[in-house]
1. How many residues are away from the ligand (no atom under 16 Å from the Cβ) and closer than 14 Å to PHE512 by Cβ if we restrict to the range 374-409?
2. For the structure I just gave you, tell me whether GLU465 is under 13 Å from VAL212 (Cα atoms) and either at pLDDT 95 or above or surrounded by fewer than 21 Cβ atoms within 10 Å (Cβ to Cβ) (or both).
3. Any idea how many residues of the range 209-228 are surrounded by 15 or more Cβ atoms within 10 Å (Cβ to Cβ) and among the β-branched types (Val, Ile, Thr)?
4. I'd like to check something: does the range 473-482 contain any residue that is of a type in the set (A, V, I, L, M), in a strand (DSSP E or B) and at pLDDT below 95?
5. Filter the range 248-261 down to the residues that are surrounded by fewer than 22 Cβ atoms within 10 Å (Cβ to Cβ), within 11 Å of the ligand (Cβ to nearest atom) and part of a helix (DSSP H, G or I), then identify the one that is modelled with the highest pLDDT.
6. Could you tell me whether the range 143-162 includes any residue that is surrounded by fewer than 22 Cβ atoms within 10 Å (Cβ to Cβ), part of a loop (DSSP other than H, G, I, E, B) and among the acidic types (Asp, Glu)?
7. Based on this model, can you work out whether VAL288 counts as buried (at least 22 other Cβ atoms within 10 Å of the Cβ) and on the phi < 0 side of the Ramachandran plot?
8. Can you confirm whether GLU186 is within 16 Å of the ligand (Cβ to nearest atom) and either farther than 18 Å from ARG151 by Cβ or assigned to a helix (DSSP H, G or I) (or both)?
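The values are calculated or read from the model by the stated rules, or taken from the named source; none is laboratory data. It should be emphasised that the depicted structure is a prediction, and the values quoted were computed from it without experimental measurement. Note that each Cβ is placed from the backbone with ideal geometry, even for glycine, and that neighbours are counted across all protein chains shown.
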Amino acid sequence: MAGLISPVRGAASSGKSAGQGKNDPCTLVILGGAGDLSHKKLLPALYNLALEGGLPPQFAIVGFSIESLDDDGYRKFARDGIERFSRRRLTEAGWNNFAPQLHFVSGSFTEPKDYLKLKEQLDRIDQQNGSSGNHIFYFAIPPNFIEVCARNLQEAGLGMPAAAANRFTRVVVEKPIGHDLASAREINQQLARYFDENSTFRIDHYLGKETVENLMVLRFANLIFEPIWTSHYIDHVQITVAEDEGVGTRAAYYDHAGALRDMVQSHILQVLCMIAMEPPRSTAPDAVRDSKLDVIRSLRPFEPVDVERWVIRGQYQEGLIAGEKVKGYLAEEHIAPDSMTETFVALKCYIDNWRWAGVPFYLRTGKRMPKRASEIAIFFKRVPRVLYNSRPTPTLAPNVLSIRIQPDEGLSLTIISKLPGSPLRLAPVKVDFQNSTASPEAYETLLRDLIIGDQTLFMRRDTVEAAWAWIQTVLDVWSVAAVAPYPYAAGSWGPTEAAVMIGKDGRAWRIF
Ligand code: BG6
């Protein structure tokens, strides 16, 4: 069957920055180019894009950070990252095409004169490649360096070009954008001093995941879902993002963040927006982002009493994952022995608009859960208590649409069907669709969009701040009341209090 390709994302763009051609030459500068994110994610993603012709013909990558590397040293670093983390295996032919695009400038983020070195290198590349001064600065750096890096770029003559200039400068920042509402506003304010909003790309890598992007297509390219996507037919929604990993090597960051900031404020709220948004007026970046913002602004603000009843925090203890004994959070390296940081959150919230009035959304995420599983489950209302559902027990199970973000991306719909033979017996069966093609990594999708200047899958300033504003009440209540997290054993689905919270509504968490 012929596939249909339509300009689903970024069409009729109103949010694109200058230089919207797919193949405009440009140079991507990674500040923090020799760090973990570059090694594990960015360089492997760029390599995969190169393999499939997803990079402009005139393209260069410049790593900029304190390590004393030259171009060859950086190429070795990149090759190692690609060998270990790339989706597609490294081939010599692929590598030989990719490697010459890699360069390195050794410099300190805080040292203005190092940015002059960077500028010299960029001028050289622009001249060789004819890249017309199109630059993308990827801030793969801790948030406290954002301001100084932006200022130093500007002072070195690498800031935004004048409006009439026929070239572009873009900046990319990673989450976390701040650790609360005030700090998020401050970071955004600092960025806005140097870069306009159409040139600022805030990454939430969940938006680059195939299934997450597919949510809009599922809802708005099929007729069957949208009419029933309302409180008339939907009983409740569950979003689960479970990880089997612990805090790993990120203690320094994580112990100050915790699951609410790390996962809920960003990834989970973005997924929630895709599920709950109204059809946007077009697929233009700002039309899509306006609809998402409406969802966040419609989230019912928590009262302190709601936080106590509806927001459960947990912290993992020693336990077993796949038969292996693992440490508790407090015994992890570099974690404060009396840390009260949560590694698990489960919460209930409401979206107070016409479509979702009265429908609870249950969100849950945690580290050291039994397995890695991210899913959105839409629970439909039960059929009326007549015909096949007229007996007092057992009642017919509701239809559930499960959208699997990872692993084994796909979706399944549970329906009630007749078991073959007589007497008549009914049972739930699953209609399953598994995404069989190897999906690109989220960073491949996002880097490609960044290079062509499409902001649809990037977070806008107002949305980030609205998400923080909603979360802030929870943070405030927790900090005032010094609410200790409930313990849960590693390898379990979180503290029993989370099950009790949803159980009080006569519902239960999905079992995977
Ligand atoms: C990051 C969080 O943003 O997402 C991590 O900081 C988390 O704590 C990670 O482990 C999960 O991403 P993924 O793509 O593996 O689900």
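1. Looking only at that region, the number is 3.
2. Against the criterion (under 13 Å from VAL212 (Cα atoms) and either at pLDDT 95 or above or surrounded by fewer than 21 Cβ atoms within 10 Å (Cβ to Cβ) (or both)), GLU465 does not qualify.
3. Final tally of qualifying residues: 2.
4. Of the range 473-482, the ones of a type in the set (A, V, I, L, M) are 474-475, 477, 480-482.
With in a strand (DSSP E or B) added as a condition, the list becomes none.
Within the range 473-482, not a single residue is of a type in the set (A, V, I, L, M), in a strand (DSSP E or B) and at pLDDT below 95.
5. Going through the qualifying residues, I end up with ALA257.
6. No, the range 143-162 contains no residue that is surrounded by fewer than 22 Cβ atoms within 10 Å (Cβ to Cβ), part of a loop (DSSP other than H, G, I, E, B) and among the acidic types (Asp, Glu).
7. yes
8. no
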